1. Based on what the data block shows, is ASP81 exposed (fewer than 14 other Cβ atoms within 10 Å of the Cβ) and part of a loop (DSSP other than H, G, I, E, B)?
2. Specify the residue that is farthest from ASP103 (Cα to Cα); the eligible residues are those in region 54-64 that are surrounded by fewer than 17 Cβ atoms within 10 Å (Cβ to Cβ) and polar (S, T, N, Q).
3. Residues in region 100-114: is at least one at pLDDT 95 or above, assigned to a strand (DSSP E or B) and not charged (D, E, K, R)?
4. With respect to the numbered conditions (1) surrounded by fewer than 17 Cβ atoms within 10 Å (Cβ to Cβ); (2) among the charged types (D, E, K, R); (3) within 19 Å of GLU23 (Cβ to Cβ), which one is the sole condition not fulfilled by ARG67?
5. Do we find that VAL40 is within 24 Å of MET299 (Cβ to Cβ), touching a residue at least 40 places away in the same chain (Cβ under 8 Å) and surrounded by 19 or more Cβ atoms within 10 Å (Cβ to Cβ) in this structure?
6. Hey, among the residues in region 113-138 that are more than 22 Å from LEU257 (Cα to Cα) and among the charged types (D, E, K, R), which one's surrounded by the most Cβ atoms within 10 Å (Cβ to Cβ)?
7. Could we say that LEU331 is within 17 Å of the chain's Cα centre (by Cα) and among the aliphatic types (A, V, I, L, M) here?
8. Taking region 182-227, which residues are touching a residue at least 40 places away in the same chain (Cβ under 8 Å), charged (D, E, K, R) and assigned to a loop (DSSP other than H, G, I, E, B)?
Amino acid sequence: MRKTAVYRDDLFLQHQPGYDHPESPERLQVIFAELDREQVGGHFLYPGFDPASLDIIGLNHSKTLLRRVAETSGRDHDFLDGDTRTSADSYDAACLAVGALIDGISRIEQGEIDNAFCLVRPPGHHAEYDQSMGFCLFNNVAIAARWARKELAMKRIMIIDWDLHHGNGTQHSFYESDQVLYLSTHQYPYYPGTGALLETGSGAGDGYTVNVPLAGGQGDMEFARIYNELVCPLVRDYKPELILVSCGFDIYDGDPLGAMRVTADGFAWMTRKLVEVAGEVCDGKLLITLEGGYNLTGMRDGALAVLAELCGEKIDCGHPVNLSAENAAALAASGIECSPLDQAMQIAKNYWQL
């Protein structure tokens, strides 16, 4: 059994974009309800953690953005863009979300825990240097990567983004850097419109952005092949010191905002492969943070499938979250047609040994 930390706090439920907004507190409540059951929650550790300071958040964002988001504190309603609404406690929740990732990385580096899942709101990967957008206030994963570079002197960090939507803010944060390798699978063309095949980075960062734009309809077998043939070989070649994952459950089969067909088995397989390859290259240093996902069953089952693979134990929850040996064998052997993967691999082979 691995020491897996779960980062949760009721403050994340107090971010209230509005009753009709898809990024609702219920997304976390269905997961928290499962973790409150001893046969589920007893597998994990629950560290205490503090909000990130403005100095830390400012590693990735402008002072103008920090002021603008801080202005929303205490206001019942505000709009940072057409989709990104806030409530009185949203600013505090956003600072605490960043703090969860910072604390998780610190404890992983110190050997207190093996890996972590940050169950946070608001999400982050769309937030740009000077603009909150796409339900995201601050870019949690990008800030965490910058902090790890600055405070832990890490020179190679990999961010893997399996959210339905491309992480434009994360890509732009490191587009010219060779110290962070960003890989995204996403529905394309779709919001936010970035993430084309030929967006590969520039300057010193040329080749350090890898995009796999998918038309929609891809499920467990396609994602298994992407992880078997591209993601894990790329991790082995790059040899990051830390792997961060932007985890969106909006690729779930039945999510109202997407057209992917991933099930709990698919989420389990992707996590299993990342746990394995992290063990090979960076002593298992793996932190996953929540991004999107708007089907409550998908949120619940996806999160439990990820957690079961992180800790390495079966979870007896009455839901289909444990990957069977038969299904694992099928996913390991997946050779299903996926032309976007073939195209992405041809481009990546210009930079990496795959």
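The values are calculated or read from the model by the stated rules, or taken from the named source; none is laboratory data. Keep in mind it's a predicted model, so treat the numbers as computed, not measured. Note: ideal-geometry Cβ built from the backbone for every residue, glycine included; neighbour counts use all protein chains shown.
1. Details: exposed (fewer than 14 other Cβ atoms within 10 Å of the Cβ): yes; part of a loop (DSSP other than H, G, I, E, B): yes.
Yes; evaluated as a whole, the condition is true for this residue.
2. Just the residues of region 54-64 that are surrounded by fewer than 17 Cβ atoms within 10 Å (Cβ to Cβ), to begin with: 54-55, 58, 62-64.
From what's left, polar (S, T, N, Q): 62, 64.
Working: SER62: 22, THR64: 26 Å.
Among residues in region 54-64 that are surrounded by fewer than 17 Cβ atoms within 10 Å (Cβ to Cβ) and polar (S, T, N, Q), the one farthest from ASP103 (Cα to Cα) is THR64.
3. As a first pass, look at region 100-114 and keep what is at pLDDT 95 or above: 100-114.
In the following step, the residues that additionally are assigned to a strand (DSSP E or B) were identified as none.
No - not one qualifying residue is present in region 100-114.
4. Result: ARG67 passes all but (3).
5. Numbers: within 24 Å of MET299 (Cβ to Cβ): yes; touching a residue at least 40 places away in the same chain (Cβ under 8 Å): yes; surrounded by 19 or more Cβ atoms within 10 Å (Cβ to Cβ): yes.
Considered against the rule, which asks whether it is within 24 Å of MET299 (Cβ to Cβ), touching a residue at least 40 places away in the same chain (Cβ under 8 Å) and surrounded by 19 or more Cβ atoms within 10 Å (Cβ to Cβ), VAL40 comes out as yes.
6. Here is the first cut: in region 113-138, the ones more than 22 Å from LEU257 (Cα to Cα) are 113-118, 129-131.
Still in the list and also among the charged types (D, E, K, R): 114, 130.
Values: ASP114: 23, ASP130: 12.
Checking each candidate, the answer is ASP114.
7. Judged against the criteria, LEU331 is not a match.
8. Result: ASP206, single match.
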